[in-house]
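Engineer: Attaching a single structure in structure tokens format; questions to follow.
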Amino acid sequence: MTGPLAAVREGRFQRSLALATGAGALVAAAEIYLEHDRAGFGNRMMWWPVVLGPVGAAAGVAGAADARAARTVLPLVSAAIAANGLQGFWLHVRGVAEKPGGWRMARFNLETGPPVFAPLLLGMVGGMGLVAAVLRREGRA
């Protein structure tokens, strides 16, 4: 049997998703660094997703290379990335509310304020790592 469902069923997809998690964490961290640098890193929390990017990349590569890392390190780091994405979503929502006019001027403040949904994309990278951690690994019964 061939195809994407067969790759999941036979355990080949787990390594690919772990690598995709690592790559996604690195790309997201680079983009977040540029955006947070533009904002002057005004809040120390802005460093967390930047720091978690390389950690997520290392966990993704380790999870692809080693079954034990895929069951231990990858879900731990992925959970931290997902939690940081949710935290960022809250901080960005709060940032829009703190702009002049707050949510009464939602259209303007959503366009000019912190990107509300961007942190959820980082959370999705963490979610990918959590899914990779529970997928069946090739060669295991």
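Engineer: Express the accessible area of the chain per residue in Å², computed with a 1.4 Å probe while the remaining protein chains stay in the model. If you can, show how the numbers build up before the last one.
Structural biologist: Numbers: 8340 Å² over 141 residues.
For the chain, the solvent-accessible area averages 59 Å² per residue.
Engineer: Also: Under a 10 Å cutoff between Cα atoms, tell me which one of 123, 113, 53 has the largest fluctuation in the Gaussian network model of the chain.
Structural biologist: Among 123, 113, 53, the largest mean-square fluctuation in the Gaussian network model of the chain belongs to 113.
Engineer: So, counting K/R as plus one and D/E as minus one, what does the shell of residues with Cβ under 14 Å around residue 18 add up to?
Structural biologist: Here the charged neighbours net out to +4.
Engineer: How much of residue 138 can a 1.4 Å solvent probe reach, expressed as accessible area in Å² and rounded to 10?
Structural biologist: 90
Engineer: Between the helical axis of 73-98 and the dominant principal axis of the chain, each derived from Cα atoms, what acute angle in degrees is found, rounded to the nearest 10?
Structural biologist: The helix 73-98 is inclined about 20 degrees to the chain.
Engineer: Output the peptides 80-86, 99-105 sorted from most to least packed, where packing is the average of other Cβ atoms within 10 Å over each peptide's residues.
Structural biologist: Packing order, densest peptide first, comes out as 80-86, 99-105.
Engineer: Right, another one. On C-alpha positions alone, give me the angle between the axis of helix 118-134 and the longest principal axis of the chain, in degrees, nearest 10.
Structural biologist: 20
Engineer: Moving on to the next point. Using a 1.4 angstrom probe on the protein heavy atoms only, could you order 21, 72 from most to least accessible area? Write out the running numbers ahead of the final one.
Structural biologist: On the way: 21 0, 72 75 Å².
Putting 21, 72 in descending order of accessible area: 72, 21.
Engineer: Right, next: When all protein chains stay in place, what accessible area (Å², nearest 10, 1.4 Å probe) is found for residue 36?
Structural biologist: In the full protein context, residue 36 sits at about 30 Å².
Engineer: Also, I was wondering about something else. Summarise the accessible area of the chain (1.4 Å probe, protein heavy atoms) by the percent that is carbon and sulfur.
Structural biologist: Numbers: 5680 of 8340 Å².
That share works out to 68 percent.
Engineer: Angle between the Cα long axis of helix 48-65 and the longest principal axis of the chain, 0 to 90 degrees, nearest 10?
Structural biologist: Tilt of helix 48-65: around 10 degrees.
Engineer: Compute, for the stretch 1-139, the length of the dipole vector about the Cα centre, with Cβ point charges of +1 (Lys, Arg) and -1 (Asp, Glu) only. Units Debye, rounded to 20.
Structural biologist: 300
Engineer: Between (1) 17.5, 59; (2) 15.8, 44; (3) 13.9, 44, which matches Rg and Dmax of the Cα atoms in Å calculated for the structure shown?
Structural biologist: Label of the calculated value: (1).
The values are calculated or read from the model by the stated rules, or taken from the named source; none is laboratory data. The structure presented is a predicted model; accordingly, all values stated were derived computationally and were not measured. Note that each Cβ is placed from the backbone with ideal geometry, even for glycine, and that neighbours are counted across all protein chains shown. The accessibility values were calculated without ligands, DNA or RNA, using every heavy atom of the protein model including side chains. Shrake-Rupley method; radii C 1.70, N 1.55, O 1.52, S 1.80 Å.
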